[in-house]
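Peer 1: So that we are looking at the same thing, I have put the structure below in structure tokens.
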Amino acid sequence: MLHINILCVGRLKEDYLKSAIFEYSKRLSKYCNLSIFEIEDEKIPSKINSAIIQGIKQKEANKIISSLKKDSYIISLDLTGKELSSEDFSKKIDSISLNFNSSITFIIGGTLGLSNDILLSSNEKISFSKMTFPHQLIRLFLLEQLFRAFKILKGETYHW
């Protein structure tokens, strides 16, 4: 069975998001082995500049790198990534699982996004939209799209 790892910078605080993520995680258990890892985000000072931003991103990147599975196909979620339809996303998941690996790791950055080191070392970058969303909400979007992808691949109808 395919292993899906999600590395997230920051912790969920909102109960409504925790509830929705629990529901999608439960639904996904039929299709894959899912693991969600939360990495502590760095505190952002009230006065910030580009050097501080890069320093924070690098500290978070170091935590991400130490948590990566060595044999996993890495996909970073980033505004500069490729946008895919749900059908194309499902094909992407299928192709990776058949041709590359039995493990896919998705990386979701924190408030300031991901460092260039992480983006450059990823196998791919994808974007769910050119709009900016809170990283906590993107976690839910990713789980929903993974669930939809597996339903598409299995030829099953999708109802929520």
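Peer 1: Treating the angle as unsigned and between 0 and 90°, give the value, to the nearest 10°, between the Cα long axis of helix 86-99 and the longest Cα principal axis of the chain.
Peer 2: Helix 86-99 sits roughly 90 degrees off the main axis of the chain.
Peer 1: Per the Kirkwood definition applied to all pairs of different Cα atoms, how many angstroms is the hydrodynamic radius of region 16-75?
Peer 2: On the way: mean 1/r = 0.0693 Å⁻¹.
Taking the inverse mean of 1/r over all distinct Cα pairs, region 16-75 comes out at 14.4 Å.
Peer 1: Exceeding 19 Å between C-alpha atoms, which entries from my cross-link table qualify? They are Lys13/Lys43; Lys69/Lys125; Lys57/Lys125; Lys63/Lys130; Lys91/Lys154; Lys18/Lys91.
Peer 2: Numbers: Lys13/Lys43 16 Å; Lys69/Lys125 17 Å; Lys57/Lys125 17 Å; Lys63/Lys130 26 Å; Lys91/Lys154 11 Å; Lys18/Lys91 28 Å.
In this structure, Lys63/Lys130; Lys18/Lys91 lie more than 19 Å apart at Cα.
Peer 1: Could you run the Karplus curve 6.51 cos²θ - 1.76 cosθ + 1.60 with θ = phi - 60° over region 148-155 and give me ³J(HN,Hα) per residue in whole Hz, x for Gly and Pro?
Peer 2: Karplus values, whole Hz, x for Gly and Pro: 4, 4, 5, 4, 4, 4, 8, x.
Peer 1: Taking 0.36 nm per residue of separation and subtracting the Cα-Cα distance, what length does fully extending Asn62 through Thr111 add?
Peer 2: That pair, Asn62 and Thr111, stretches by 16.0 nm at full extension.
Peer 1: Next question. Order Lys69, Lys47 by their accessible area, 1.4 angstrom probe, all chains in place, largest first. Don't skip to the end; give the middle numbers.
Peer 2: Working: Lys69 95, Lys47 165 Å².
From most exposed to least exposed: Lys47, Lys69.
Peer 1: Continuing with this model, one more query. Do me a favour and compute the ellipsoid semi-axes for region 93-144 from its Cα gyration tensor, root of five times each eigenvalue, largest one first, whole Å.
Peer 2: Computed over region 93-144, the values are 21, 15, 9 Å.
Peer 1: At 0.36 nm per residue, minus the direct Cα-Cα distance, what do Thr132 and Asp88 gain on full extension? Give it in nm, one decimal, please. Could the numbers behind the result be given before it?
Peer 2: Working: separation 44, 0.36 × 44 = 15.84 nm, distance 2.14 nm.
Residue separation times 0.36 nm, minus the Cα-Cα distance, leaves 13.7 nm.
Peer 1: Using only protein heavy atoms and a 1.4 Å probe, report how much of Met1 is accessible, in Å² to the nearest 10.
Peer 2: Met1 has an accessible surface of roughly 130 Å² with all protein chains in place.
Peer 1: Given contacts defined as C-alpha pairs under 8 Å and at least six residues apart, what's the relative contact order of the chain, whole-number percent?
Peer 2: Relative contact order for the chain comes out at 33 percent.
Peer 1: Each residue of region 66-75 in order: what ³J(HN,Hα) in whole Hz does its phi give by Karplus 6.51 cos²θ - 1.76 cosθ + 1.60, θ = phi - 60°, with x for Gly and Pro?
Peer 2: Working through the residues one at a time gives 5, 9, 6, 7, 5, 9, 8, 7, 9, 10 Hz.
Peer 1: Here's another thing I want to ask about it. Please give, to one decimal in nm, the separation of the simple spin-label points placed at Gln54 and Asp71, each 7 Å out from Cα toward the Cβ.
Peer 2: For Gln54 paired with Asp71, the spin-label model returns 3.7 nm.
Peer 1: Please state the charge dipole magnitude for region 118-160, taken about the Cα centre, from unit charges on C-beta atoms (+1 on K and R, -1 on D and E), reported in debye and rounded to the nearest 20.
Peer 2: On the way: 6 positive and 3 negative charges, 8 e Å.
I would put it at about 40 debye.
Peer 1: Something else now. If I compute Cα Rg over 2.2 N^0.38 Å from the structure I just sent, which labelled value in (i) 1.03; (ii) 0.94; (iii) 1.13 lines up?
Peer 2: Computed from the coordinates, Cα Rg over 2.2 N^0.38 Å corresponds to (i).
Peer 1: Continuing with the same structure: Quick one: among Leu120, Leu12, Leu140, which has the greatest mean-square fluctuation in a GNM of the chain with alpha-carbon springs under 10 angstrom?
Peer 2: Maximum fluctuation in the GNM of the chain, among the listed residues, is at Leu120.
Peer 1: Run lengths n ≥ 4 of DSSP H only: what is the helix-derived mean residue ellipticity at 222 nm for the chain, with -39500 (n - 2.57) per run over all residues, to the nearest 500?
Peer 2: The helix contribution divided over the chain gives -14500 deg cm²/dmol.
The values are calculated or read from the model by the stated rules, or taken from the named source; none is laboratory data. Everything quoted here is computed from the prediction, not taken from an experiment. Ideal geometry is used to build each Cβ from the backbone, glycine not excepted, and the neighbour counts take in all protein chains shown. In case anyone asks, the SASA skips ligands and DNA or RNA and just uses the protein heavy atoms, side chains included. Shrake-Rupley method; radii C 1.70, N 1.55, O 1.52, S 1.80 Å.
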